[in-house]
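Supplied in structure tokens, the structure appears directly below.
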Amino acid sequence: MRLGQEVQALPRAARLTPIGPSTSRAAALAALAKVLAGAVDAPAREAALILRAAAGLQPTDLIVEPDAPLGAAAAEAGRYAARRAAGEPLSRIVGRREFWGLSFALSPEALDPRPETETIVEAALAAFAARRGEALRVVDFGVGSGALIAALLSEFPAARGVGVDLSPGAAAQARANLDSLGLAARAEIRVGDWGEGLDGAFDLIVANPPYIASGAIAGLAREVREHDPRLALDGGPDGLDAYRALAPEIARLLAPDGRFFLEVGAGQAAAVTAIAGAAGLVDLATHRDLAGIERVVSGTRAP
């Protein structure tokens with residue numbers, strides 16, 4: 001179903017957002033929250049995010065000047081609310097996502113980076129705390145929007161990186177984001193299949209690979225199953241295909257004193273640890289995200 005059809009399928013009250021140029025910010029917040037009621041978990045919060053995105057407002061603007069009229073932003077806010085009520089994530093609607101304090105443009109071919117993926121950055125910073133100034137070599141498998149490699153390069157100022165993605169569209173988006181962040185000179189983005197064509201020793205290897213079991217994709221939240229690329233979600237029959245492919249490549253490419261960090265799905269840490277161990281990787285550990293879920297598996301290569 002296309003977006004226009006989805007909007008038309010909404011209840012009439014949700015399609016007719018009752019705001020106009022003369023509507024105050026406070027009244028618009030209430031109206032947008034009604035549009036979103038029943039469609040999202042926190043309609044008031046999302047109404048505020050939509051209004052800020054559509055009108056280019058800061059959070060304090062809604063508090064300091066609640067009676068200010070929306071003006072030309074009213075139509076955009078109404079369209080945003082209808083699309084959000086139809087199940088489209090706000091990050092896709094506005095075309096941007098913040099990750100590790102950096103702003104990334106999104107494209108349909110690239111995964112929308114989530115906050116839990118920042119666990120990789122946190123774990124890597126802790127592991128390489130004494131090497132922050134070194135000229136580390138970094139590789140990001142499944143680079144997507146470029147969020148991970150950009151975050152790491154921003155924290156390791158002398159590092160250089162390679163990002164690899166099977167999707168040409170995702171690779172193009174990663175290049176554009178790195179360029180906009182002033183990091184393009186320290187990163188090479190390749191279209192390829194995991195470690196194919198890569199040689200040498202990398203100090204830091206990271207990946208947020210597809211890890212959803214094929215049969216489970218239909219049961220994902222609408223925001224994910226309909227708006228994230230399947231290539232970035234589908235991990236095969238048991239969700240572990242990517243780890244089986246990555247483990248021997250990591251063992252081949254990791255520097256003797258390097259370390260890898262892989263994001264995993266809930267409940268997958270033990271299975272991914274076993275796959276890594278079978279490939280000869282050692283010193284294996286897991287790292288929990290803010291929700292307490294074992295979100296990252298890390299390790300190094302055998303001496």
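The values are calculated or read from the model by the stated rules, or taken from the named source; none is laboratory data. Keep in mind that what you see is a predicted model, and the values were worked out from it rather than measured. Every residue, glycine among them, receives a Cβ derived from its backbone with ideal geometry; neighbour counts consider all protein chains shown.
Could you grab the pairs with beta carbons closer than 8 Å, sequence gap of 6+ or different chains, first residue in segment 168-184 and within 16 Å of residue 231 (Cα to Cα), second one basic (Lys, Arg)?
Correct list of pairs: 171/190.
Return the total of residues in segment 59-91 being farther than 24 Å from residue 105 by Cα, in contact with a helix residue (DSSP H, G or I) (Cβ under 6 Å, 6 or more places away or on another chain) and surrounded by 14 or more Cβ atoms within 10 Å (Cβ to Cβ).
Count: 3.
Being of a type outside the set (A, V, I, L, M), at pLDDT 95 or above and farther than 18 Å from residue 190 by Cα is true for just one of 141, 156. Which residue is that? Let's see the steps before the verdict.
On the way: 141 fails: farther than 18 Å from residue 190 by Cα.
Checking each option against the conditions leaves just 156.
Also: Can you name every residue in segment 16-57 that is at negative phi, in a loop (DSSP other than H, G, I, E, B) and within 23 Å of the chain's Cα centre (by Cα)?
Step one: filter segment 16-57 for residues at negative phi, giving 16-37, 39-55, 57.
So of that shortlist, the ones also in a loop (DSSP other than H, G, I, E, B) come out as 16-23, 39, 41-42, 57.
The answer is 39, 41, 42.
In this structure, is residue 150 surrounded by fewer than 18 Cβ atoms within 10 Å (Cβ to Cβ) and under 14 Å from residue 178 (Cα atoms)?
no
Any idea how many residues of segment 210-265 are in a strand (DSSP E or B), within 24 Å of residue 137 (Cα to Cα) and touching a helix residue (DSSP H, G or I) at 6+ places or on another chain (Cβ under 8 Å)?
At the first step, the residues of segment 210-265 found to be in a strand (DSSP E or B) are 212, 234, 254-263.
Next, from what is left, pick out any that are within 24 Å of residue 137 (Cα to Cα): 254-263.
Checking which are touching a helix residue (DSSP H, G or I) at 6+ places or on another chain (Cβ under 8 Å) leaves us with 259-263.
Of the residues in segment 210-265, 5 are in a strand (DSSP E or B), within 24 Å of residue 137 (Cα to Cα) and touching a helix residue (DSSP H, G or I) at 6+ places or on another chain (Cβ under 8 Å).
Next question. Output the number of residues of segment 129-170 satisfying the condition of being closer than 15 Å to residue 106 by Cβ and either more than 14 Å from the chain's Cα centre (by Cα) or among the β-branched types (Val, Ile, Thr) (or both). Before the answer, list the steps.
First pass over segment 129-170, keeping only residues closer than 15 Å to residue 106 by Cβ: 143-148, 150, 165, 167, 169-170.
If we keep only those that are either more than 14 Å from the chain's Cα centre (by Cα) or among the β-branched types (Val, Ile, Thr) (or both) too, we end up with 143, 165, 167, 169.
Qualifying residue count, segment 129-170: 4.
Still on this model: Go over the candidates 233, 181, 204 one by one and state the one that is under 15 Å from the mean Cα position of the chain (by Cα) and either aliphatic (A, V, I, L, M) or over 19 Å from residue 117 (Cα atoms) (or both).
Details: 181 fails: under 15 Å from the mean Cα position of the chain (by Cα); 204 fails: under 15 Å from the mean Cα position of the chain (by Cα).
Testing whether each residue is under 15 Å from the mean Cα position of the chain (by Cα) and either aliphatic (A, V, I, L, M) or over 19 Å from residue 117 (Cα atoms) (or both) leaves just 233.
Can you say whether residue 128 is of a type in the set (Phe, Trp, Tyr) and under 26 Å from residue 234 (Cβ atoms), as far as the supplied structure shows?
Details: of a type in the set (Phe, Trp, Tyr): yes; under 26 Å from residue 234 (Cβ atoms): no.
No.
Would you please name the residue that is surrounded by the most Cβ atoms within 10 Å (Cβ to Cβ), looking only at residues in segment 119-138 that are closer than 23 Å to residue 210 by Cα and either without any contact (Cβ under 8 Å) to a residue 40 or more places away in the chain or in contact with a helix residue (DSSP H, G or I) (Cβ under 7 Å, 6 or more places away or on another chain) (or both)?
To start, the set of residues in segment 119-138 that are closer than 23 Å to residue 210 by Cα comprises 119-124, 138.
With the extra rule that they be either without any contact (Cβ under 8 Å) to a residue 40 or more places away in the chain or in contact with a helix residue (DSSP H, G or I) (Cβ under 7 Å, 6 or more places away or on another chain) (or both), the set shrinks to 120-121, 124, 138.
Working: 120: 28, 121: 20, 124: 26, 138: 23.
It comes out as 120.
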